[in-house]
């Protein structure tokens, strides 16, 4: 016969449950202490979880700051490489202009001298401007770098001319700059021009 099927069975079931509750009543302080420990444990677990999330967030922020710094360095290297290439292009244009004007093909460059040339330097500029350790200026209206107008940039360009022989000109364009963190960077481009027209 099952306990719940008759009135007597139900009575025995309730009495058994009451006896079990009375036997555990002496342990009520222990149960209360376990609940307090469990609530303290939840607080500790919450603090640990919050610490882990904070560390993860700080790691992500550090990566973001580093990536922005690296992208700025990459942008400066791009500008520096183009300015160095432009220096070689200016030397080539001056040599071509002298050849067209039937002047000495070497463009009026002296052996072993450093120059400060920009896109405004003309073939009849005499003498060519010597290097003065000046910063290139950035003109926000034309978006060009030069020495005449604009705001000073962080870039300097030195163009060095070497003449190993009467029929050869070696042009070396070096652009240097310093980043916000104080790191120094440079781009060095070299080209050789020959008197092949004669």
- Message: Quick check on the exposure proxy: order 168, 86 from fewest to most C-beta atoms within 10 angstrom.
- Response: 168, 86
- Task: Let me have the relative contact order for region 47-148, percent, based on Cα pairs under 8 Å that are six or more residues apart.
- Result: 15 percent
- Message: I'd like the distance separating the alpha-carbon centroids of region 160-198 and region 63-123, in whole Å.
- Response: 8 Å
- Task: Provide 76, 122 in ascending order of the number of other Cβ atoms located within 10 Å of each residue's Cβ, fewest first.
- Result: 122, 76
- Query: What ranking do 116, 184 get, fewest neighbouring Cβ atoms within 10 angstrom at the top?
  - Reply: 184, 116
- Item | Bins of 10 Å, starting at 0 and running to the largest distance - Cα pair percent for region 86-194 | 15, 45, 30, 10, 1
- Message: Considering all alpha-carbon pairs of region 42-138, what whole percent are spaced by more than 18 angstrom?
- Response: 66 percent
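None of the figures in this text is laboratory data; all of them are computed from the coordinates on show. Since the structure is predicted, the reported quantities are computational estimates derived from the model, not experimental observations. Note that we place each Cβ from the backbone using ideal geometry, even for glycine, and neighbour counts take in every protein chain shown.
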